Each structure stands twice: as structure tokens, then as C-alpha cells.
1. Please give the peptides 90-98, 40-48 ranked by average Cβ packing (other Cβ atoms within 10 Å per residue), highest first, as a rough proxy for protection.
2. Using the per-residue mean of other Cβ atoms lying within 10 Å as a proxy for protection, in what order, highest first, do the peptides 20-26, 51-57 fall?
3. Starting from the 7 Å offset along Cα-to-Cβ, what nm value, one decimal, do you get for the label separation of residue 12 and residue 92?
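Rule-based calculations on the coordinates, nothing more; no lab input. Computed from a predicted model, the values in this text were never measured in an experiment. Backbone-built Cβ (ideal geometry, glycine too); neighbour counts: all protein chains shown.
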Ligand SMILES: [Zn+2]
């Protein structure tokens, strides 16, 4: 499926522990702008979510860059999650845990 209609992510141990889903830079265009709240449906429970960024030097202080993430608790390491746009409600997203 085209990458602009769905975002897939396998949850790492750090994401599970810290409670977030990493958003790859190449997928930023899929989501509303950084810092802008949007509705995310998680199994029928709708909550506010947003893409956030943090400054990172994981490749060394000479290669500073940003990482992007959405806070999301209760995800297990190795879980595969899908985020899709709700076709009926513009601006609303649906998060599904599709197993491992
Ligand atoms: Zn980094």
C-alpha cells in the first residue's frame, strides 16, 4: 500500500519502555505538522495525539539531528502497529496493533 495512506512501525524495546512510536522523517508528511494536535482512535478510545520532536546526537555531536515521535503507552516490544487516516473523518487517525 502507498506509504502516504498508512504508517507502519515495529515497536522497539525503547519505544515500548518510554511509551512512544517513532515517526520516520520520510513519513512526516503523512501526519499533521509537528506540534499540532490530532484525534487518534485507539480501539474505539479517541485521544489527542501529536508528532513531537527532540534533538538527538546518537550519531555523534558532529551530526546533530531531530527524531520524531508520537506518545503512545501500552505497546509491547516487537508489536507491529499501523496508523491509518480515518476515511470518514478528515484529520482523524486510527491506530491498530496488528500483532507481531
Ligand atoms: Zn538520533
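1. 90-98, 40-48
2. Highest mean packing first, the order is 20-26, 51-57.
3. 3.3
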